[in-house]
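The values are calculated or read from the model by the stated rules, or taken from the named source; none is laboratory data. Note that the coordinates shown come from a computational prediction; the quantities given were computed from them, not determined experimentally. When we count neighbours, we look across all protein chains shown, and the Cβ atoms used for this are built from the backbone with ideal geometry, even at glycine. Heads up: the accessible areas ignore ligands, DNA and RNA and are worked out on the full protein's heavy atoms, side chains in. Shrake-Rupley method; radii C 1.70, N 1.55, O 1.52, S 1.80 Å.
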Amino acid sequence: MELIIFEIIAKGGNAKGLVYEAIAKSEAGDFAAADKLLAEADEELKGAHQIQTNLIQEEAAGKHHEVTVLFVHAQDHLMTSLEVRSLAENIIKMNKRLYALEQGHD
């Protein structure tokens, strides 16, 4: 179970790192790179979500897992990664608008 938990944490952390990198690329005006990084982050999040879904399905089928502090941490880590991903879309969208305005005023 600990390996499963660490996989959720790793995938969530990888996704969060990719999202922050995407935001940085968008601040530099490299929106193609930002989109690519968001797509990579989405793949990491899908993997973590699939693991979570498997655990939920197992529990629904009667196989209970011990809820440890580490497990709660993994869930928290995944949820914050999902939220950062969601907010990044808005930040990148604003950066696109700002970039367009700045380019129009050169």
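A few notes on this one:
- When each of LYS11/LYS96; LYS16/LYS36; LYS16/LYS63; LYS36/LYS96 is checked by Cα-Cα distance, pairs over 23 Å: LYS11/LYS96; LYS16/LYS63
- Share of carbon and sulfur in the accessible heavy-atom surface of the chain [1.4 Å probe, %]: 57
- Packing, as the average of other Cβ atoms within 10 Å across residues, places the peptides 31-39, 4-12 in the order 4-12, 31-39, highest first.
- Helix-only mean residue ellipticity at 222 nm for the chain, each DSSP H run of n ≥ 4 adding -39500 (n - 2.57), per residue, nearest 500: -31500 deg cm²/dmol
- Taking all Cα pairs closer than 8 Å and separated by 6 or more residues, the relative contact order of the chain comes to 41 percent.
- Per residue accessible area in Å² of the chain, where ligands, DNA and RNA are left out and the probe is 1.4 Å: 64
- Most to least packed among 93-102, 71-80 [average Cβ atoms within 10 Å]: 71-80, 93-102
- Set of aspartates and glutamates with alpha-carbon distance to LYS25 below 15 Å, sequence-local pairs under 8 removed: ASP35, GLU40, GLU89
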